[in-house]
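What follows is a set of notes on a single structure, which appears directly below.
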Amino acid sequence: MNVLNIVRNELNQLGYLDNLLQEDYVFDDASVSGIRELNIPLAAFAQWPPSYRNACIGVLTANGQSGPQYVSGYRALGAPMFFEVSHDHIVRYRVEASGQAVFLESIPVQDIRKAFKVNRNKWCPDAIFRAKAITPLTDPVQLDFVDIGLLPALKGMIHDKLDRLLKGTLHEAINIYKDNTSGNRPDETLFFRLVFRFLAAKVFKDKRHPGNWNDSQANTIIKEIQEFYGFTEADMQGILDEPCTQQAVWDKFRNAFNFQNLSVDDLAFIYENTLIRKEFRKQYGIHSTPQAIAELIVDRLPFESLAENERFVIEPCAGHGVFLVAALRRLRELLPASWTGQERHRYLKDRLTAIEVDVFAAEVCRLSLMLADYPNPDGWQIISQDIFTSDVLKKQLKTSQIVLCNPPFEDFTPDEKKHYGNRISSVHKPYEILNNVMENPPAMLGFVLPKSAIMGRRYRDMQDRIARTYKDVETIALPDRIFAFSEQETMLVLASDRNRATKTNVFVRTFWIRENDRRPLLETGQLPEGISKDINRSTHREFISLRNVPLNEIWNYLKNHPRLEAIADFHQGIWWNVSLEKNRNSLISSEPNHGFKKGLDTVQGKIEAYNVQRFVYLNIDEQYRRTTAHSFPWGKPKVIANSRRISRGSWRIVGYPDSSGLVCTKNFMGIWPNKDINIEVLSALINSPLVNAALYLKGYGRDNSIRILEQIPIPLPGAIDTVRITQFVRYYAKLRSGFKRGPAKAPIIQEAIQTLMEIDGLVLKAYDLPPRLERKLLEFFRGYTRPVPFDFPNYYPEDFKPRIPLHKYLEMDLKQASAGELLKRITPFDSEDMHDFFMDIEAGQS
C-alpha cells in the first residue's frame, strides 16, 4: 500500500532506521495465558534488541478490521502509540494501561508528511523512550499519547507468564529426573546451568539469531550454546547430564510462547527469582534486590553526568548481579544509537565489575549478565574474592566511579570476627563495606541499608561523611516486605556530585514509602512527595544527619513539652525462662489454675483501642521467671499496650485502661501512671494520632520501642480536659462492650466513631498545635485502616480544604453552616489560619 510506504518513510525520517523498524514483526500476546502469536506490519523501536520496553510505534493495516478494539488486540507490543493505515488516511491511537486503544485523530493521506514534521520532536525514538521510562532521572517528556502505566502492566503480565513457564519446567524436569535416577533429586547447581543454556537458546531461536537454534534435539542445542559462549569441556561437565531431563527442558522452552518481544534483562531477573529456592538462597548467601528497586537506584543516579569513558560501575557483594543488570541497561541506553552490537558489548564488559565471594552466586551473576546482553558472548568481570580479607575493593575503587551495593545486613559472627581480626573496624557488615567505599569515595553511590542506619545512631559518623563528601543526597525509606526474601525495613541511600569543599551546601532529600505507596513504587517507580533540607556544611558543626522525618514541624513545635516518661513508667510484659513452644501447656491455660493469673498472651484479635478480649491465664510462678516483670504491680491501675506493632500502616499502638489486674506477656507492655493522671487519659494519649505517628516515624522494625515512647511529647500541664476525656473513654468502652452481644447496628457504630473522634479531638486540643500542623498530622492517617471493629473514616472529607482543629470541626455542621454562622460559633481570635479558613468558606459559597 502506498500509504504504508509513506508511513515507513516518515518513520525512517524520525530516526527509526535499519533494525529499529521491524517489518512483519512477530510477538507473543502476553495478555493471554496460552500461546497466541501476533504479527504486525511495522513496529518501531528506540533501541536494539527490540522489546516491549523500547517499542515506540506500531503500524497496522485496516484489512477488514479496524477501530479501537482491533488496535487493542496488539497492546502487548508495548508501543504507546499506533497508526492504523487505510487507503486514503491513517488513524492515530494511544494505548492505555488497561489495554484499551483510544482514538486521537484521523490524518488524511495528503497531510501525513506534515503531521510527522510537526510532531517530529514528540514521535522520535528518544522522546517516546524517555516518556515511557519508569523512573526517569530528568524531567520526563510529557506526551499526551503515553500512559506511564502501560509498561508496568505489560511487565507484570510477562513476568507472570515467564514465572509459570519456568516453574512448570522445573516441576516436570524434576519428576522426569527422579523417574530416571531411582528417585533422586537433581543437583540444583547443575540444573540451574542447564536451564540457562536452554533459555539462551530459546532467546536466540525466537529472535532469529543466526545458528541452528530450531533443532529439536537437546544435545545439539547444548553443543551450539557451548560453541557460541566458548564454554569449555569442564563447563559442559558442570551441567545436569541426564538426557531425558535435558530433552524435557528443551521441549518445554522450544514449544513455549514466543520470546521475540521479551526484554532480556527481565528474563535475567525472573531466571534468578524463580529458579533459586529459599533454602538454596540461604545456603549460598544469595540476597535478592527487586528489579524495581535496582532500577530505581540506577535511574536516579546521574550516570550521564560522567563522561562516556568514566562510567565504570562496581557491585560489591553482587549476589546474582541485580544492580549490574540494571546498570547494563542504563549504560546501554546512554550509548549512541549508531554503535554496533559488538561496540556496545566491548564498552559494557569493560565497565561493569562484580565482586562476589560465593562461587555459585558469581555464576548466577555471570549468566544473568550474559542473558541481559544478548546476543553477545561472555567476558564479564566477576571477581570471586572476599572483600573483608583482601584489598580487592580498594583496588577496584581506584577506577570505579559508580558503586552499587545491597550488602548482607547481619553482623559479623564471633567466628567471623576472629577470622577477620583487625581487618574490620565494625561489627556491622553494611557499615564495614560502606566505610571501605568512603575511604576512596566514587563519583556516586547507591546503597541498600538497614533502616536503623539512618534512623538510629550507629551510622551517625557515616551519615556525616557522606553529607560532607557529596552535594546531592537522597534517602528513600522503604517498608518491610519490599524484598521478597527479607522482612527487614530498609533505607536506600543515593549520593552524587562529589565535592568536599566545606563552604558548599549539601542538599538532602528523603522519600518515605508508606504501606499505601508500595504498589505505585514497585509498578511504576513512583515516589511520593519528598522532604528536603539544604545544609551549609561550613557552619554546621554537629554531625549532619541524612534523616528527614515527615511532620518534623510538629516535633519542633513540641520540643519544649514534657515527655511521656514524666507521667508514666513503661515496662514490657513477662518473659519466661523456658521455651513457650515446648512448654505452652505449663505456661498458658484457657481455664483458671493455681499460680496463674488472668491476662493476655498475643496481640492480634485480643487488644484494640480501649478494649481487650479473649483472655487466657498466665503462669507467674517464680520458677519460670526470666526478668523482673513478674514483680511489677499488675494489680494497680495501668494501661496495657501492644509491644509488637498493631499494623504496617500509620496506626502502630493501641492502649487499654485496665483496673482489673490483668497480666500480659512480653508481646505487651504495662504503662503505670506516676503522676496525677488517670488511666483513661493515659490511654487516650497512647491511642492518639500524635503518639501513633511518632512511633511510625521515629521507630523502625516491628516492635514499639519503649525508649521512643518515653520521649514522645505530651500536652503541657493543665491543658488536658481530664473530665471530658474520661467520660468519653468510659462511654466508648460501654458502646464497644455492646458489640460482643451481636452485630452492632449502624447508629451504634456511628456513635462509636463520633466518640473516638471526640477523644482524639480533645487530646489534640490539649497539644494546642497550630491548625495547619494539626491538619497535617491527621492527613498522615488518610487512607490507613484504624484497628477497630468497624470502618473508621478519615478525619475530614477529602474535599474539605479549610484548616480547622478537629475539636472545632466536630462541634459544627459544616455541610449546612454558612461562613457567617460559623463565625458566631467560634470564639474570635487573631489567627492567620482562621482567616484562611473563612476565606476558603466564602470562596466556596460564591
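The values are calculated or read from the model by the stated rules, or taken from the named source; none is laboratory data. Since this is a predicted model, take the numbers as computed values, not measurements. Every residue, glycine as well, gets a Cβ built from its backbone with ideal geometry; the counts of neighbours run over all protein chains shown. What goes into the accessible areas is simple: the full protein's heavy atoms, side chains included, and nothing from ligands, DNA or RNA. Shrake-Rupley method; radii C 1.70, N 1.55, O 1.52, S 1.80 Å.
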Legend entry - Nearest 10 degrees, 0 to 90: helix 322-334 Cα axis against the chain principal axis: 60 degrees
Legend entry - Furthest towards positive pole of dipole, LEU4, PHE259, VAL549, structure part the chain, Cβ charges: VAL549
Legend entry - Virtual spin-label span in nm between GLN488 and ASP676, 7 Å along Cα→Cβ: 4.9 nm
Inset, instruction - For every helix of n ≥ 4 consecutive DSSP H residues, a contribution of -39,500 (n - 2.57) applies; sum these over the chain, divide by its total residues, and give [θ] at 222 nm rounded to the nearest 500 deg cm²/dmol. - result: -12000 deg cm²/dmol
Inset, instruction - Report the full-extension gain for the segment ARG772 to LEU716: residue separation times 0.36 nm, less the Cα-Cα distance, to one decimal in nm. - result: 18.2 nm
Legend entry - Per-pair calculated FRET efficiency, R0 = 25 Å: THR602 and TRP575 via Cβ, rounded to 0.05: 0.95
Inset, instruction - Counting other Cβ atoms within 10 Å, keep those with at most 13, restrict to DSSP loop, and tell me which trypsin sites (Lys or Arg not before Pro) in the range 187-254 are left. - result: ARG208
Inset, instruction - Report the convex hull volume per residue for the chain, counting only C-alpha atoms, in Å³. - result: 232 Å³
Legend entry - Net length gained if the chain between VAL427 and LYS223 were fully extended (0.36 nm per residue, minus Cα distance): 68.6 nm
Inset, instruction - Normalise the Cα radius of gyration of the range 60-211 by 2.2 N^0.38 Å (N = residues in it) and let me know the number. - result: 1.48
Inset, instruction - Please report, as a whole percent, how much of the solvent-accessible surface of the chain comes from carbon and sulfur atoms (probe radius 1.4 Å). - result: 47 percent
Legend entry - Cα-centre dipole for the chain with unit charges at Cβ (Lys and Arg positive, Asp and Glu negative), debye to 20: 1980 debye
Legend entry - Where only alpha carbons of the range 6-131 are counted, the Rg and the Dmax (Å): 13.5, 42
Legend entry - Phi-based couplings in Hz for the range 651-662 (Karplus 6.51, -1.76, 1.60; Gly and Pro marked x): 7, 10, 9, 10, x, 10, x, 10, 10, 9, x, 5
Legend entry - Residue pairs, from the table LYS606/LYS734; LYS636/LYS808; LYS451/LYS503; LYS418/LYS666; LYS698/LYS776, whose Cα atoms sit over 26 Å apart: LYS636/LYS808; LYS451/LYS503; LYS418/LYS666
Inset, instruction - Starting from the Cα gyration tensor of the range 526-581, multiply each eigenvalue by 5, take the square root, and state the resulting semi-axes largest first in whole Å. - result: 37, 20, 15
Inset, instruction - Identify the chymotrypsin sites (Phe, Trp or Tyr not before Pro) of the range 1-82 meeting these criteria: DSSP loop state and at most 11 other C-beta atoms within 10 Å of the C-beta. - result: none
Legend entry - Per-selection Kirkwood Rh - the range 572-716 (Cα, Å, 1 d.p.): 15.6 Å
Inset, instruction - Starting from the Cα-Cα distance between ASN39 and GLU105, subtract it from 0.36 nm times their residue separation and give me the gain in nm to one decimal. - result: 21.4 nm
Legend entry - Zone residues, the range 96-130, relative to GLN69, backbone N less than 13 Å from point 7 Å out along Cα-to-Cβ: 101
Legend entry - Nitroxide proxy distance, nm - points 7 Å out along Cα→Cβ at SER590 and GLU439: 6.1 nm
Inset, instruction - Run the numbers on the chain and let me know its relative contact order in percent, using alpha-carbon pairs under 8 Å that are six or more apart. - result: 7 percent
Inset, instruction - List the lysines whose Cα lies under 29 Å from the Cα of LYS202, skipping any in the same chain that are fewer than 8 positions away. - result: LYS132, LYS155, LYS161, LYS167, LYS178, LYS223, LYS252, LYS278, LYS349
